[in-house]
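The values are calculated or read from the model by the stated rules, or taken from the named source; none is laboratory data. All values derive from a computational prediction rather than experimental measurement. Note: areas computed on protein heavy atoms with side chains; ligands, DNA, RNA excluded. Shrake-Rupley method; radii C 1.70, N 1.55, O 1.52, S 1.80 Å.
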Amino acid sequence: MTETPNADTPTTDSAVPAATAAPDAPAAPAAPAAPTVSVVGPGDGETVLLGTTRMRILEDGGTTGHRLGIAESVIAPHTPGPPQHRHAGHDEGFYIVSGSVRFTVGDEEHDAVAGTLVVVPPGAPHTFANVRDEPAVMLSTFTPDPYVRYFRELRDLHAGSEAVTPEAQLRLMRRYATEPAGAPAPGPS
């Protein structure tokens, strides 16, 4: 049995040249680029050492259009956290993977054990510390992502040859719309 094309089916003949678009016809739109998927293995990512805390940057915003940054932190036992502070330009999320992390939010303390999620919106005063005898591991999110750059700059500030002054740390915090909790709330970045 042979197939016969119907009247609605175009046929081609190799002896007839293919039709070409008119020279002044608009070009067909380019297909959108496929989204890039990021896969960061257990030993991958950028490591940032901040005193006794080892942070591994898993997503610096490059894959997410700078909407989201993600980092894993291993906090040594008995490690005090940063001074209580607040952000104007981003939300932070903290998921405790193992151990326990004490969060101080204003005057309230919360001991967050493995499986706990803490979400800090802009303007909320907060800090955290590992007050226990074992390391704690937490996954942090930053939305949007600029605070990932803060940690890189903080590492570089502490790696410099000069002693780091509280004023230098405060200037760095302010570049990322962050203020100590006792200061007036910063404006959006």
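In this structure the range 21-163 gives 56 Å² per residue of accessible area when probed at 1.4 Å with all protein chains present. With a ≥ b ≥ c taken as the square roots of the eigenvalues of the C-alpha gyration tensor of the range 36-189, please select rounded if a/c is under 1.5 and otherwise prolate if a/b is larger than b/c or oblate if it is not? Judged from the Cα gyration tensor, the range 36-189 comes out rounded (a/c under 1.5). Report the gain in length on full extension from ALA159 to ASP133: 0.36 nm times residue separation, minus Cα-Cα distance, nm rounded to one decimal. That works out to 6.6 nm of additional length. The listed residues ASP145, ASP133, ASP111 rank as ASP133, ASP111, ASP145 when sorted by accessible area, largest first, using a 1.4 Å probe. Rounded, prolate or oblate: which fits the range 29-119 when a ≥ b ≥ c are the square roots of the eigenvalues of the alpha-carbon gyration tensor, with rounded for a/c under 1.5 and prolate only if a/b beats b/c? Prolate, because a/c is 1.5 or more and a/b exceeds b/c. Surface listing: HIS90, HIS66 arranged by accessible area from highest to lowest gives HIS66, HIS90, probe 1.4 Å. Taking a ≥ b ≥ c as the square roots of the eigenvalues of the Cα gyration tensor of the range 114-189, is the shape rounded (a/c under 1.5), prolate (a/b larger than b/c) or oblate? Taking the square roots of the gyration eigenvalues as a ≥ b ≥ c, the range 114-189 is oblate. Divided by 2.2 N^0.38 Å, where N counts the residues, the Cα radius of gyration of the range 67-136 comes to 1.06.
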